[in-house]
Amino acid sequence: MALRKIITQENDILRKISKPVTRFDETLWDLLDDMKETLIKSTGVGLAAPQVAVLKRVFILMVNESYIEVINPKITKTSGVQTGPEGCLSIPGKQCNVTRPNKVTVDFYDRYGNPMSLTAVDFMARAICHENDHLDGVLYVDHVKGKN
Ligand code: CO
């Protein structure tokens with residue numbers, strides 16, 4: 001495993017659309033392992049591949065001291081609304097209130113290519129939406145009007 005450099009807002013890579021993973025191989029596993037190590041060394045709870053300059057549809061989330069690896073996610077259902085503070089490792093030192101769905105269901109694949117599904121609420125739902133946005137070149141500040 002190795003630490004990867006987290007790129008920040010000024011880098012155009014963060015604005016690009018990531019490509020679906022097609023091979024669930026060692027290149028992907030190395031990326032996931034490196035992202036996990038990088039996230040552990042940071043102050044964040046989630047990290048998307050574009051943040052380490054890899055345009056693949058991959059993110060990881062810290063959940064109760066454990067990590068969930070999310071590959072080729074599709075948010076299939078959302079409901080409710082929540083508004084709360086959000087930050088991003090690519091926008092250091094900032095936080096803003098963002099409105100998100102309160103509940104989301106996401107279909108995705110694990111590192112071996114097995115299909116998975118997860119329904120999450122509250123903070124976890126927010127985190128999934130935030131990380132999923134990264135895969136489409138969207139940053140949380142895009143949801144904040146007039147104050148970034
Ligand atoms: Co972020």
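Do we find that Leu14 is within 18 Å of Leu139 (Cβ to Cβ), modelled with pLDDT of 95 or more and either surrounded by 14 or more Cβ atoms within 10 Å (Cβ to Cβ) or among the charged types (D, E, K, R) (or both) in this structure? Considered against the rule, which asks whether it is within 18 Å of Leu139 (Cβ to Cβ), modelled with pLDDT of 95 or more and either surrounded by 14 or more Cβ atoms within 10 Å (Cβ to Cβ) or among the charged types (D, E, K, R) (or both), Leu14 comes out as yes. Name the residue that is nearest to Gln95 (Cα to Cα), counting only residues in segment 112-126 that are assigned to a helix (DSSP H, G or I) and touching a Lys or Arg at 6+ places or on another chain (Cβ under 9 Å). Per the stated criteria, the residue is Arg126. The C-beta contact set for segment 118-136 (first residue in contact (Cβ under 8 Å) with a residue 60 or more places away in the chain and within 15 Å of Gly44 (Cβ to Cβ), second residue among the charged types (D, E, K, R) and within 11 Å of the ligand (Cβ to nearest atom), distance under 8 angstrom, 6+ apart or interchain) comprises His130/Glu86.
Here the condition is being closer than 16 Å to Asn132 by Cα, within 13 Å of the ligand (Cβ to nearest atom) and within 12 Å of the chain's Cα centre (by Cα); of Val70, Val58, Val52, it holds for Val52 alone.
For the residues Lys103, Lys94, the requirement of being touching a Gly at 6+ places or on another chain (Cβ under 8 Å), surrounded by fewer than 16 Cβ atoms within 10 Å (Cβ to Cβ) and farther than 19 Å from Leu32 by Cα singles out Lys94. Cβ separations smaller than 7 Å between residues 6+ apart or across chains give the following pairs from segment 18-33 residues that are more than 21 Å from Leu139 (Cα to Cα) to residues that are of a type in the set (Gly, Ala, Ser): Phe24/Gly113; Leu31/Ala49. Tell me, please, whether a residue that is within 16 Å of the chain's Cα centre (by Cα), within 16 Å of the ligand (Cβ to nearest atom) and part of a strand (DSSP E or B) can be found in segment 139-147. So far as segment 139-147 goes, no, none of its residues is within 16 Å of the chain's Cα centre (by Cα), within 16 Å of the ligand (Cβ to nearest atom) and part of a strand (DSSP E or B). Going through segment 36-72 one residue at a time, which ones are touching a helix residue (DSSP H, G or I) at 6+ places or on another chain (Cβ under 9 Å), assigned to a strand (DSSP E or B) and closer than 20 Å to Leu14 by Cβ? Answer for segment 36-72, where residues must be touching a helix residue (DSSP H, G or I) at 6+ places or on another chain (Cβ under 9 Å), assigned to a strand (DSSP E or B) and closer than 20 Å to Leu14 by Cβ: Gly46, Leu47, Ala48, Lys56, Val58, Phe59, Ile60, Leu61, Val70, Ile71. So which residues in segment 60-104 are closer than 22 Å to Ala49 by Cα and charged (D, E, K, R)? Those that are closer than 22 Å to Ala49 by Cα and charged (D, E, K, R): Glu65, Glu69, Lys74, Glu86, Lys94, Arg100.
Taken over segment 73-90, the criterion of being in a loop (DSSP other than H, G, I, E, B) and within 16 Å of the ligand (Cβ to nearest atom) is satisfied by Leu89, Ser90. Inclusion of Ile17 among residues that are of a type in the set (Val, Ile, Thr) and farther than 19 Å from Arg126 by Cβ is warranted.
The values are calculated or read from the model by the stated rules, or taken from the named source; none is laboratory data. This is a predicted model, so every value here is computed, not measured. Cβ: placed from backbone, ideal geometry, glycine included. Neighbour counts: every protein chain shown.
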